[in-house]
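Peer 1: Pasting a structure here, questions to come.
The values are calculated or read from the model by the stated rules, or taken from the named source; none is laboratory data. Treat the numbers as computed from the prediction; the structure is a model and nothing was measured. Neighbour counts run over all protein chains shown; Cβ positions are idealised from the backbone, glycine included. The accessibility values were calculated without ligands, DNA or RNA, using every heavy atom of the protein model including side chains. Shrake-Rupley method; radii C 1.70, N 1.55, O 1.52, S 1.80 Å.
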Amino acid sequence: TVKYHPVFSAKIEQRLVERFGVKRALIALDQPTEELQRLQVAGLVSNYLNNTLKNGTVITVGQGRNVSAVAHHIGVISPRDCKFVCGIGGIHPRGGKFNADHICRQLAKKYGGSSETLYAPAYAETKAQKIAFMENSTVKQTLDLARKADVALVGIGDMSENSYMVDLGWFTAEEVVQARLHQGVVGDFAGYDFFDVQGNSANTVMSDRVIGLNLEEFRPISDVIAIAAENSKPLALLGALRTGVVDVIATTVSTALTVLNLDEQMNVIEK
């Protein structure tokens, strides 16, 4: 077990800020299990939100295990009248507490604020079905509010056959593998948009099925907080940082160091 001094984390944060132009990097110490690691990162994000949210703040909320861990983090919170809005539709009941709507409600309960549901599934079976949902006036109204938010809280996913979206049955393991091999996709942003290691959006069959905000729609939001707690996500995190959309990154010491090393190696190769 390696014990890191707090100064070590601060230096890594400074390197990430200088390298990628983010406002903050929240760096948690590595833990023996994925679950403990997720809890450590969630604690840092929860503290950050508690220090920055004000009355009247609108927060766009994504889905997944990391964002859910923030909502369920036990800590001292100062109540304030914030509005938490779903930035992506709802998922199968099996997704339970990882659903954006559940997370919004939990955060609203935690802060004493309010939440707004996106009344659409996160996943449409066809592109035509997705377009129909996106044109619905109720769905448009919620997504318009999500686009104008002050803060966004999202997870960064990796392109693994064991990923959360494959587990939910949105996409097959084969579709994920093909996107990775043939389009260079390394990750997803907030469960919606897919990107390569250079941070460019990749147009995949998967992008045509998800109902929510796309990568470019997060760009005007002034404080986009992206979370990647797992050790499997350095490549996905590097791609996300290179999009230029992320303002605050939350991850672990080992993942942050790997991201910095990958970026250095790739810059050498590109030159």
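Peer 1: Name the single residue that is farthest from K109 (Cα to Cα) among those in segment 45-57 being over 18 Å from the mean Cα position of the chain (by Cα) and free of Cβ contacts under 8 Å to residues at least 60 places away in the same chain.
Peer 2: Across segment 45-57, the extreme among qualifying residues is N51.
Peer 1: Scan segment 27-44 and give yes if some residue there is touching a Phe, Trp or Tyr at 6+ places or on another chain (Cβ under 6 Å), closer than 13 Å to L107 by Cβ and in contact (Cβ under 8 Å) with a residue 24 or more places away in the chain, otherwise no.
Peer 2: Looking for residues that are touching a Phe, Trp or Tyr at 6+ places or on another chain (Cβ under 6 Å), closer than 13 Å to L107 by Cβ and in contact (Cβ under 8 Å) with a residue 24 or more places away in the chain, one finds none in segment 27-44, hence no.
Peer 1: Of E18, E35, which residue is within 23 Å of F218 (Cα to Cα) and among the acidic types (D, E)?
Peer 2: After ruling out the rest, the residue left standing is E18.
Peer 1: Let me ask another. Report, by residue number, each residue of segment 97-133 that is open to solvent by 10 Å² or more (accessible area, probe 1.4 Å), touching a Ser or Thr at 6+ places or on another chain (Cβ under 9 Å) and either among the aromatic types (F, W, Y) or more than 28 Å from L53 (Cα to Cα) (or both).
Peer 2: Scanning segment 97-133 gives F98, Y119.
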